[in-house]
Amino acid sequence: MKLFIEKMTPRMAREILHWRYEEPYDFYNNELTDEAMEEMLDGSYYALLSDKKELAGFFCIGTNAQVPMGNQYDVYPKGFIDMGLGMKPGLTGKGNGFLFCSLILDHLKEMYKNIPIRLTVAEFNQRAIHLYEKLGFVKDNEFYTDRSVFLTMRLGD
């Protein structure tokens, strides 16, 4: 699977907001709202496309990649670039994650030289946590919301 990063467009954002994941990953389902579209088009979101120009996933950076409740637990100290990501439901669980995440990480390392990378993941998502550890992330903090326990992970030095 060869992937390319492009700026998020309204068409891509609408498609992503209609994606539906199976349980327990339905936790990541979104709704198409004006607020969700506005966020996805604010410049912090990027699309990953196949060489056939098919949408394969997305990533975001900055505060949009954080879980807002984490601020109450002080798990987002300054000095990091936060990343969030999502893969098209039909591509998940098929061994595509390492390539997908590696492309994003390479892009971020090039854009934000010498700034450490951090992500937040729901604790139940052991499949993702295993992938992130394989990529060099280490667990940093944990916090609770009414929906889940979350972990922050930072890319190890």
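The values are calculated or read from the model by the stated rules, or taken from the named source; none is laboratory data. Note that the coordinates shown come from a computational prediction; the quantities given were computed from them, not determined experimentally. Methodologically, a virtual Cβ is constructed for each residue, glycine included, from the backbone with ideal geometry; neighbour enumeration extends over all protein chains shown.
The set of residues in segment 112-128 that are without any contact (Cβ under 8 Å) to a residue 12 or more places away in the chain and at negative phi comprises 113, 126. Scanning segment 40-69 for residues that are of a type in the set (Gly, Ala, Ser) and either crowded, with 19+ Cβ neighbours inside 10 Å or at pLDDT below 95 (or both) gives 47, 50, 56, 57, 65. Given the criteria within 19 Å of residue 25 (Cα to Cα) and either touching a Ser or Thr at 6+ places or on another chain (Cβ under 7 Å) or not aromatic (Phe, Trp, Tyr) (or both), does residue 79 qualify? No, not satisfied. Across segment 132-157, the number of residues qualifying as within 17 Å of the chain's Cα centre (by Cα), hydroxyl-bearing (Ser, Thr, Tyr) and in a strand (DSSP E or B) comes to 1. Residues in segment 21-37 that are more than 16 Å from the chain's Cα centre (by Cα) and under 20 Å from residue 128 (Cβ atoms): 3 in all.
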